[in-house]
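Report on the following structure.
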Amino acid sequence: MLEKGSVARSDDKPSMAIVVGLGNPGSKYERTRHNIGFDCLNRLSQRTGISVPQAKFEGQFVKGRIDGRDVCLVWPMTYMNLSGRCVAQFARFYKVKSEDVLVICDDLSLPLGKLRIRKSGSSGGQKGLGDIIQAMGTQEIPRLRIGIDATPPDWDTADYVLSKFSNAERLIVDEGLSRAGEAIATWLKEGVDQAMNAFNRDSQKPT
């Protein structure tokens, strides 16, 4: 459970973690496929009762604790393709290692609402994640991908990722976002390997 408060660090406690949700700022892009990272962070913030975001380093952020872990939630306001400069500034300011930064983003290669967690690797074509990798100078950055389905025939991919979910799709997305919140809490408390083992299953429904 998240607790409000300032960062308290000591040698026997894990360092601060940064959780980044990717998306584009402005009402035009709200609740679009490309903004699913923003949606995920919004839900996490609301569910845990963190205060209204503040502005810093070309982004918005809130800071608190989840299960005893200091955490900073970050919404880059630079537009998707320039997310790296915001994230790198937060990481430098709070002296957070790349392995303690979790990036949440959309994924065209995953079925709608399906989760995939990785501890490192290439961007896979996700330009926001790619810019973060470049700005941080490493691929060793954990990422939580949330499926938005492949681009349908006769659709331009740029138009598709900026389209909104249908009502039926939103039900699936909301379920995926709920599980994403659980995955983030697991990553913060138990680490990336445990989160991968628990949430990278073919079935995303609890048994």
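The values are calculated or read from the model by the stated rules, or taken from the named source; none is laboratory data. This is a predicted model, so every value here is computed, not measured. Reconstructed Cβ throughout: ideal geometry from the backbone, glycine too, with neighbour counts over all protein chains shown.
Could you figure out which of (1) in contact (Cβ under 8 Å) with a residue 40 or more places away in the chain; (2) under 15 Å from the mean Cα position of the chain (by Cα) isn't true of residue 172?
(2)
Residues being part of a loop (DSSP other than H, G, I, E, B) and out of contact with any Gly (no Cβ under 6 Å at 6 or more places or on another chain): count how many of those fall in segment 117-138. If you could, list the steps in order and put the result at the bottom.
Step one: list which residues in segment 117-138 are part of a loop (DSSP other than H, G, I, E, B), which gives 119-126, 137-138.
Those left that are additionally out of contact with any Gly (no Cβ under 6 Å at 6 or more places or on another chain): 119-122, 124-126, 137-138.
So the answer is 9.
Just for segment 139-154: of the residues that are more than 14 Å from residue 33 (Cα to Cα) and part of a loop (DSSP other than H, G, I, E, B), which one is nearest to the chain's Cα centre (by Cα)?
Checking each candidate, the answer is 142.
Enumerate the strands (runs of 3 or more DSSP E) found wholly within segment 54-116, keeping only those where 2 or more residues are farther than 14 Å from residue 133 by Cα and modelled with pLDDT under 95.
The qualifying strands (runs of 3 or more DSSP E) are 59-66, 69-76.
Quick check: is even one residue across segment 189-201 at positive phi and not in a helix (DSSP H, G or I)?
There is at least one residue in segment 189-201 that is at positive phi and not in a helix (DSSP H, G or I).
Kindly list the number of the only condition in (1) closer than 23 Å to residue 98 by Cβ; (2) surrounded by 17 or more Cβ atoms within 10 Å (Cβ to Cβ) that fails for residue 165.
Failing condition for residue 165: (1).
Name the pairs whose Cβ atoms lie under 7 Å apart, with the first residue in segment 128-149 and touching a residue at least 60 places away in the same chain (Cβ under 8 Å), the second of a type in the set (S, T, N, Q) and outside any loop (DSSP other than H, G, I, E, B), and 6 or more positions between them or separate chains?
Correct list of pairs: 128/81; 128/83; 132/83.
For segment 147-179, enumerate the residues that are of a type in the set (A, V, I, L, M) and touching a strand residue (DSSP E or B) at 6+ places or on another chain (Cβ under 6 Å).
Listed by number, the residues that qualify are 148, 162.
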